Each structure stands twice: as structure tokens, then as C-alpha cells.
Amino acid sequence: MIIIMDEITKRKLRAVGAIAVLVGVVLAIFFAFYRIKEKKNTTMRLRSFYSDMQQTLQYSMNLNFTPDIWGFKGGYRNADIINNYIVQYLRVEKNCVADGGDCFPDEFYKNFKNKPTKVNLSKLPSIVLNNEIALAFETISKCKKNNSVCAIVYVDMNSVKPPNTFGKDLFVFMLLNSKQTPFLPYNINVAKEKLYEDTKLGCNKEAEMPMYCSAYIYDNEWIMDKNYPW
């Protein structure tokens, strides 16, 4: 009787083990497909946003000329300039340009290793669009020269919601003094190898602050390929 019970117990344990393995495989497949879908959705929205921003800035320049005469001052909020020449032509749900607010999370954004970087965007002039995409503007020059950078534009695909991570929901662009291309991914002119391999800003798992991911995706025709570290 004991021998029979032991055999029955062993069979049950083997069955439970097989079910556990099967569940694990199913969950792994589910999360793999979910991650693929999430990445594809992110790149599609990012591409659409990029196109909209190009058109918005082109429209503004048709009315207000190029950014070199808008009056940017490096290191200042430039709230009136951002509101008058950019924000008013966008579909804005929340405006945190002049007085700040909760358009961006009050925390440090993370890298792919889930370690905090030194980037906290909550104090920058920012907005949230009606599709939940948030923009923060960091003015860095008067942008008087042709093609000079007026501001770094941080783009969070879901505003304050997690994961708040470079290359997953946070991407970096540049506002340029250019009639032809006023909006481009951050440091797009860097060689493709450096966009991926740079240990400080490159789009890889080891980078301290992967700011090149928008340029990497752009250069790769808006695709997160097999080398993408997400």
C-alpha cells in the first residue's frame, strides 16, 4: 500500500512539475510578445510625434520666422517664447511651462540597468499633449547661428507614468535654428557605431545615460532592432 501511494505521489509531482514548466513557457511567450508589441507601439507613436513636431515648427516659422529671432536666452526658462512660438500650435492637455507642475515625474530617470541618472525634468518648462506625451524644454543657447541648437527637448511617451527610463519611455531631441530641419534626434550626426556603443550616452545596457536612443531608432528607420537594449 505504501509503495502504491509513493508511486501515485511521484506521478502527481511529475504532473505538477510538467504543468509548472508549461505555465512558465506560456508566460515567457506571453511576455515576449507583449514586449514586442510595446516596443512597436512606442516606435510608431514616437515616429508620429516626430512628424507632428516637424510640421508644428515649420508652421510656426512660416508665421514667426526662424528661432534665431525668437529671443532665446541660454539657461533661462524662456516661458513666453516656448508658449508663443511652440505650445500654442500643439494640442496641449496640461501646461507647466511658466510655473512648473506635474507634467514630468519629480524623480531621476533611470538607465537600462534600472539605475538612477542625474536627469530630473520636473523643474523644466514642460507640457503634456492630449495623447499623454510630455515635452520638457532645456534652453542651451541663443541659437543665432544657422543649425545651432536652441534647446534640448525631452520627450516622455506617457508623462509621469513608469517606467521613466531612457530608451523605453524617455527620448531626447533637439530644437534647431533651421528652416529645413528644426527638430532632430539628439546628436543625430554621431556615427551609428557610437550611437550604439558609447559607454556614457550610447543606446546600450551599459551606458550611464542612454541619450542616443532616439537617434539610433531614427537612423534605423524607426525600428527597435535585435540590438536594441530593451
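The values are calculated or read from the model by the stated rules, or taken from the named source; none is laboratory data. Please read all numbers here as calculations on a predicted model, not as lab measurements. A quick note on method: Cβ atoms are made from the backbone with ideal geometry, for glycine too, and the neighbour counts reach across all protein chains shown.
I'd like to know if the stretch 20-32 contains one or more residues that are of a type in the set (Gly, Ala, Ser), within 22 Å of Asn158 (Cβ to Cβ), loosely packed, with under 15 Cβ neighbours inside 10 Å and modelled with pLDDT under 95.
Checked against the condition, which is being of a type in the set (Gly, Ala, Ser), within 22 Å of Asn158 (Cβ to Cβ), loosely packed, with under 15 Cβ neighbours inside 10 Å and modelled with pLDDT under 95, the stretch 20-32 yields at least one hit.
Does Asn83 qualify as being loosely packed, with under 12 Cβ neighbours inside 10 Å, within 22 Å of Asn131 (Cα to Cα) and either among the polar types (S, T, N, Q) or modelled with pLDDT under 95 (or both)?
The answer is no for Asn83.
Just for the stretch 167-195: of the residues that are out of contact with any helix residue (DSSP H, G or I) (no Cβ under 6 Å at 6 or more places or on another chain) and of a type in the set (Gly, Ala, Ser), which one is farthest from Val155 (Cα to Cα)?
Ala191
Mind listing just one residue for me: the one in the stretch 165-209 that is among the β-branched types (Val, Ile, Thr) and out of contact with any Ser or Thr (no Cβ under 7 Å at 6 or more places or on another chain) and, of those, surrounded by the fewest Cβ atoms within 10 Å (Cβ to Cβ)?
The selected residue is Thr199.
Suppose the filter is in contact with a strand residue (DSSP E or B) (Cβ under 8 Å, 6 or more places away or on another chain), surrounded by 17 or more Cβ atoms within 10 Å (Cβ to Cβ) and of a type outside the set (A, V, I, L, M, F, W, C); does Asn114 pass it?
no
When Leu170 is evaluated against the numbered criteria (1) without any contact (Cβ under 8 Å) to a residue 60 or more places away in the chain; (2) closer than 21 Å to Cys96 by Cβ; (3) not polar (S, T, N, Q), which criterion, by number, is the only one it fails?
Answer for Leu170: the failing condition is (1).
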